[in-house]
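The values are calculated or read from the model by the stated rules, or taken from the named source; none is laboratory data. Just so it is clear, the model here is predicted, and its values are computed rather than measured. Here the Cβ positions follow ideal geometry from the backbone for every residue, glycine too, while neighbour counts run over all protein chains shown. Calculation scope for accessible area: heavy atoms of the full protein, side chains included, ligands and nucleic acids excluded. Shrake-Rupley method; radii C 1.70, N 1.55, O 1.52, S 1.80 Å.
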Amino acid sequence: MDEITKMSGPVPKDFDAENADNLEDIEKQFAVKAVQHLETYWAILQKVKGSSLRLTKMDDEIYAHLKSEFPEFDPAAPINEDEMKSKSGKERWRKFMMAYEKKIDDYNFGTMLRTSPNVEYEQDTTIFVPRMQFYAIEIARNKAGLNDWIYEKVHENDKA
């Protein structure tokens, strides 16, 4: 189980998203889980440089798969949500994510993603995506060292 799931807790095994009632309380519970996930991830990035962080046991495989399926993906570029969520974008990402259906817990659970590696989580800089999109994009950002600034910002006075 990955570090983030350990800290924020897994989705109940008997939960069936396809047949769940879309009740306000359930929506609130999912929103709480998504916020807990983003807070946990941000706290980890403040304690450990992203470039030395592993989000899953399969980071290298996920990264290689991302590069092969999305060769145009630039982890430093802002996410184009309209492109990502277009019909063709959804089809490409769905195909990518389904490879992890039996390999990654909660691979399709809704998760918050920053639209750019250069910003913090804020209302205008955050989008809601399936967890596998989060993993793929954040693994690429971490491997490129694009999230190291978060750790460095918190620890800039440690050097003095």
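Taking the conditions exactly as written (touching a helix residue (DSSP H, G or I) at 6+ places or on another chain (Cβ under 7 Å), over 26 Å from ALA31 (Cβ atoms) and exposed (fewer than 14 other Cβ atoms within 10 Å of the Cβ)), does VAL154 satisfy them or not? Yes. Checked against (1) surrounded by fewer than 18 Cβ atoms within 10 Å (Cβ to Cβ); (2) farther than 20 Å from GLN29 by Cα; (3) under 11 Å from the mean Cα position of the chain (by Cα), ILE137 meets all criteria but (1). I'm checking my understanding of the structure. Among residues of region 55-92 that are small (Gly, Ala, Ser) and open to solvent by less than 60 Å² (accessible area, probe 1.4 Å), which one is farthest from ALA140 (Cα to Cα)? Restricting to residues being small (Gly, Ala, Ser) and open to solvent by less than 60 Å² (accessible area, probe 1.4 Å), the top hit is SER86.
Taking the conditions (1) aliphatic (A, V, I, L, M); (2) part of a loop (DSSP other than H, G, I, E, B); (3) more than 18 Å from LYS67 (Cβ to Cβ) in turn, LEU146 satisfies each one other than (3).
Restricting attention to region 149-160, the residues that are acidic (Asp, Glu) and assigned to a loop (DSSP other than H, G, I, E, B) add up to 2.
Tell me, please, whether a residue that is of a type in the set (Ser, Thr, Tyr) and free of Cβ contacts under 8 Å to residues at least 40 places away in the same chain can be found in region 126-133. Checked region 126-133: no residue is of a type in the set (Ser, Thr, Tyr) and free of Cβ contacts under 8 Å to residues at least 40 places away in the same chain.
Evaluated against (1) small (Gly, Ala, Ser); (2) in contact (Cβ under 8 Å) with a residue 24 or more places away in the chain; (3) open to solvent by less than 40 Å² (accessible area, probe 1.4 Å), SER51 falls short on exactly one condition, (3). Of all the residues that make up region 102-120, how many are in contact with a Lys or Arg (Cβ under 6 Å, 6 or more places away or on another chain), at pLDDT below 95 and either more than 18 Å from ILE139 (Cα to Cα) or open to solvent by less than 30 Å² (accessible area, probe 1.4 Å) (or both)? So the count comes out to 3. Summed over region 121-134, the residues that are among the polar types (S, T, N, Q) and either part of a loop (DSSP other than H, G, I, E, B) or surrounded by 18 or more Cβ atoms within 10 Å (Cβ to Cβ) (or both) give a count of 1.
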